[in-house]
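Below is one structure; the comments refer to it alone.
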């Protein structure tokens, strides 16, 4: 009778765990390197050295450095968007959703500085209105326009206004020394964004303050103490 491997004997999981550890090490190395350098300024040799894996392992996981960079950018953006989804889980007002999203991205920059730096550096192409990565944002903005919550602006311009305001707010929160606390900036930027989309000023100010006060409490909003 020939021997037969039982279902309990599974060498594959061990290999899977090794594969996952290698990939995780490469992704972590990529986040660290791309946080301070553009794609062109990082080599595969630097990636594998930082990850402490063999160079061949890189090509077992990624076709080339550009594909790797896109994977890094996608994973970081998903991390930030998940935080936004959680913050807006019970929020139905499109205007409130946008104000809260801006505050979440600023908090993301404070609490996940390296990932936020990657998000800023690897943002090429993400400003295109019809980019697949912006599908959820387009849907949210379109819902606000359909509900007449946003007015006097077309959908493409509205999407660009939202992306531009949120991205520059995130970038500002990454500054090493901030004179004005991020919570104050968040209130002003969120209010300005909502006003640009046609939300009445008083409502825009209220929604911005409510979002910032809940998501960016003062004790968590200071990146560095001024001397």
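General remarks:
- Sorted largest first, extent of the stretch 76-227 alpha carbons per principal axis (Å): 48, 34, 25
- Inter-part distance where the stretch 28-78 and the stretch 164-184 are each reduced to a Cα centre, Å: 27
- The C-alpha atoms of the chain define a longest principal axis, and helix 65-87 lies at about 50 degrees to it.
- The C-alpha atoms of the chain define a longest principal axis, and helix 201-215 lies at about 40 degrees to it.
- Dividing the Cα radius of gyration of the stretch 23-145 by 2.2 N^0.38 Å, with N the residue count, gives 1.19.
- Counting all C-alpha pairs of the stretch 124-190, share separated by more than 15 Å (%): 58
- Computed over the Cα atoms of the stretch 12-62, the ratio of the radius of gyration to the Kirkwood radius (Rg/Rh) comes to 1.01.
- Cα-based helix-to-principal-axis angle, 135-146 vs the chain, degrees rounded to 10: 20
No lab work stands behind these numbers, since they all come straight from the coordinates. Bear in mind the structure is a predicted one, so any value in this text is a computation, not a measurement.
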